[in-house]
Amino acid sequence: MAMKGLLKKQPEQIKEAQAVDQKKLLPNQWESSGYERVETPEGLYFKVTTHYPLDFEHGLVKFSELDKLLLQAKEKFPGHPLVPHDDKRVLFYDTETTGLKGVGVHIFLNGIIQRFPTHFQLDQYLLASPEFEVPFLKALPFQLADTIVTYNGKSFDIPQLEVRWTMNRKELPPFPTLFQVDLFHGSKRLWKGLQERYKLQDMEREQLAFVREEDMPGHLAPIIYMDALRSNTTENLDRVLEHNKWDLLSLVALYIRSLQHLLDQSEQSNSAIEINLAKWLKDIKLLPHSKELYEKVTERYERQDIPHAYYYLSLLKKREKEYEESFELMKIASDELQGIERLDALLYCAKILEHQLKDFNLATNYVLQAKAQLLTLTAVLTREKLADYLLDLKKRDARISRKIISRESADFDK
C-alpha cells in the first residue's frame with residue numbers, strides 16, 4: 001500500500017522527474033536515514049554498509065563454510081566454471097538498474113559482498129544522480145583478476161556495467177579483467193530437471209529453505225529510485241536496498257551450496273543432482289572426475305533409478321578402450337531406459353558388439369531389439385528421424401549378416 005501511489009505514475013511523469021535540475025534535488029536528507037554521503041573531486045555518491053559475522057547463516061547455510069570449500073575446490077577442480085582460477089578475491093555482485101536494456105539505462109545501485117578476516121561486509125553504492133555516474137562507478141572495489149560471483153551476471157549485470165563504463169571511459173581507468181562465476185547457469189546444470197523455474201527466488205525456496213517476507217517486486221525499483229530522488233526520502237528506497245541485500249545473501253548461500261555439491265559434501269544431494277554434475281564434468285572435459293562420480297552413483301543408488309549414470313559411464317569406459325565393461329554398463333542402461341533413449345542404448349550395444357567385441361550373433365540380437373523399440377516410437381519421431389533410424393538399422397543388419405557369413409565361410413575352409 002505504501003508503494004501504491006508510485007504505480008499510478010505515468011511514464012511522462014517519471015521522465016519529467018528525470019528532467020528536473022538534479023543539482024537542486026540532491027538527496028541531502030538521505031544522510032539522516034543512515035545513507036553515508038561520500039564526496040569526491042568528481043562528485044558524490046551514497047553508500048550503505050552492513051556487517052555480518054563469519055558464522056552468519058542464511059537459509060540454513062553457514063557462511064563460515066566458504067573459505068574451506070574454496071580451497072578444496074581450487075585444489076580438486078581447477079578449471080571448473082564454479083571455481084575461481086587463482087587466489088584473488090571473491091566478490092558477490094548484484095545491481096539494480098533503471099531499465100533492462102538501452103544506452104539510456106543506468107545502474108543506480110551496486111551491491112557487493114566480500115569477506116574480510118573478521119566479517120562479511122555488504123557495501124551498497126547508490127547513484128546520487130546521473131551526472132555523478134563517474135564517482136559512482138569509480139567507487140566499485142573491483143581489481144584486476146578478481147572473481148565476481150553473480151546470478152545471470154554474464155548476460156546482464158556485467159555487460160550493463162561495461163556499457164556504463166564505456167560511456168564514461170574518458171574519465172575512468174580501463175575496465176579490469178574479471179573472472180566471472182554465474183550461478184544462474186550453474187544452477188541450471190546442477191538442478192536440471194528438478195525445478196520448473198530457475199529465478200533466484202525459486203532457488204532460495206527450493207535449495208536454501210529461505211522465503212522472503214514482504215519483498216519489494218523488482219520491477220518497481222526504478223520507479224522507487226526516481227521517486228526517492230524527487231522526494232528526498234528513503235521510505236521506499238529502503239525496500240530496494242533490502243531486496244538487493246537478500247539477492248546478495250542468497251548469492252553467497254547458493255554459491256556455498258553449489259560448492260558443497262561439487263565436492264560431494266552436501267546432505268541435500270540425490271542421484272539426479274549427482275548425475276547432472278557428472279555430466280557437467282564430462283562436458284567440460286574433466287573426464288577422470290566425471291568417471292569417478294558416475295562410479296559413485298552406481299554404487300550408491302539402485303540401477304532402476306539411475307539408468308543415465310550407466311549410459312554415460314559406458315561412454316567413458318569406451319573412451320578408455322574398456323570395451324567389455326562399456327558393453328555391460330550400456331546393457332544395464334538399455335534394460336532400464338525408455339523411449340528414444342532406450343533405442344539409442346540398444347544401437348550402442350549393437351555397435352560395440354560389432355566393431356569392438358566382434359560378437360556378431362549378439363549384435364544381431366540387439367539390432368532386432370532396436371527394430372522392435374523403433375516400432376513403438378513411430379508416433380513420437382518425425383518422419384525424417386524415423387527414416388534415418390530405419391536406414392541405419394538396415395545397413396547395420398546387412399553388414400553384420402555379411403560378417404557372420406564371412407566368418408562361417410572361414411571356419412568351413414579350416
Using a 10 Å cut-off around each Cβ, can you sort ARG115, ARG164, ARG197, ARG230 from fewest to most neighbouring Cβ atoms?
ARG197, ARG230, ARG115, ARG164
For Cα extents along the principal axes in Å, one of (1) 63, 49, 39; (2) 62, 52, 46; (3) 103, 47, 43 was computed from the structure I shared and the rest are decoys. Which label?
(3)
Each residue of the stretch 239-255 in order: what ³J(HN,Hα) in whole Hz does its phi give by Karplus 6.51 cos²θ - 1.76 cosθ + 1.60, θ = phi - 60°, with x for Gly and Pro?
5, 5, 5, 5, 4, 5, 4, 4, 4, 6, 5, 5, 4, 5, 5, 5, 5
From the residues GLN143, SER64, LEU82, which one has its Cα farthest along the dipole of the chain in the positive direction, the dipole being from +1 and -1 charges on Cβ of Lys/Arg and Asp/Glu about the Cα centre?
LEU82
For ILE405 and LYS371, compute 0.36 nm times the residue count separating them, minus their Cα-Cα distance, and round to one decimal in nm.
10.1 nm
How much length would be gained if the chain were fully extended between GLU65 and SER271, taking 0.36 nm per residue of separation minus their Cα-Cα distance, in nm to one decimal?
71.8 nm
If a/c stays under 1.5 just call it rounded; otherwise compare a/b with b/c (prolate if a/b is bigger, oblate if not). Do that for the stretch 271-413, with a ≥ b ≥ c from the square roots of the Cα gyration tensor eigenvalues.
oblate
Would you be so kind as to identify which of SER266, ALA363, VAL297 lies farthest towards the positive end of the dipole of the chain, taking Lys and Arg as +1 and Asp and Glu as -1 on Cβ and the Cα centre as origin?
ALA363
Per DSSP H run of n ≥ 4, the term is -39500 (n - 2.57); total these for the chain, divide by its residue number, and report the mean residue ellipticity at 222 nm rounded to 500 deg cm²/dmol.
-16000 deg cm²/dmol
How many angstrom lie between the C-alpha centres of the stretch 307-364 and the stretch 190-235?
46 Å
Using Cβ contacts closer than 10 Å as the measure, can you line up SER250, SER401 from fewest to most?
SER401, SER250
Cross-link pairs LYS291/LYS321; LYS279/LYS317; LYS199/LYS245; LYS188/LYS282; LYS351/LYS395 - those with Cα-Cα distance over 18 Å:
none
Within the stretch 271-413: Cβ-based charge dipole about Cα centre, in debye rounded to nearest 20 (Lys, Arg +1; Asp, Glu -1)
540 debye
Quick one: 3J(HN,Hα) in Hz for the stretch 371-383, Karplus 6.51/-1.76/1.60 with θ = phi - 60°, rounded, Gly and Pro as x.
5, 5, 5, 4, 4, 7, 10, 4, 7, 9, 7, 5, 4
With x for Gly and Pro, the residue-by-residue ³J(HN,Hα) of the stretch 299-309, computed from phi through the Karplus equation 6.51 cos²θ - 1.76 cosθ + 1.60 at θ = phi - 60° and given in whole Hz, is 7, 8, 10, 5, 4, 5, 8, 9, x, 5, 5
For the chain, modelled as a Gaussian network with Cα springs under 10 Å, which listed residue fluctuates most, LYS192, LYS358, LYS291?
LYS358
Say the dipole of the stretch 148-300 comes from +1 at the beta carbon of Lys and Arg and -1 at that of Asp and Glu; which of HIS219, GLY186, TRP280 then lies farthest toward its positive end?
TRP280
Fewest first, what order do LEU313, LEU357 take by the number of other Cβ atoms within 10 Å?
LEU357, LEU313
I want to check the label-to-label distance for LYS170 and ASP335. Put each point 7 Å from Cα in the C-beta direction and report it in nm to one decimal.
7.4 nm
Radius 10 Å from Cβ of GLU354, net charge of other residues (Lys, Arg +1; Asp, Glu -1):
+4
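Please report the net charge: other residues with Cβ closer than 9 Å to the Cβ of PRO135, K and R +1, D and E -1.
-2
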Magnitude of the Cβ-charge dipole (Lys and Arg +1, Asp and Glu -1) of the chain about the Cα centre, nearest 20 debye, reported as 1440 debye
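Coordinate-derived values only; no laboratory data. If you're wondering where the values come from, they're calculated on a predicted model, not measured in any experiment. Quick reminder, even Gly has a Cβ in these numbers, built from the backbone with ideal geometry, and neighbours come from all protein chains shown.
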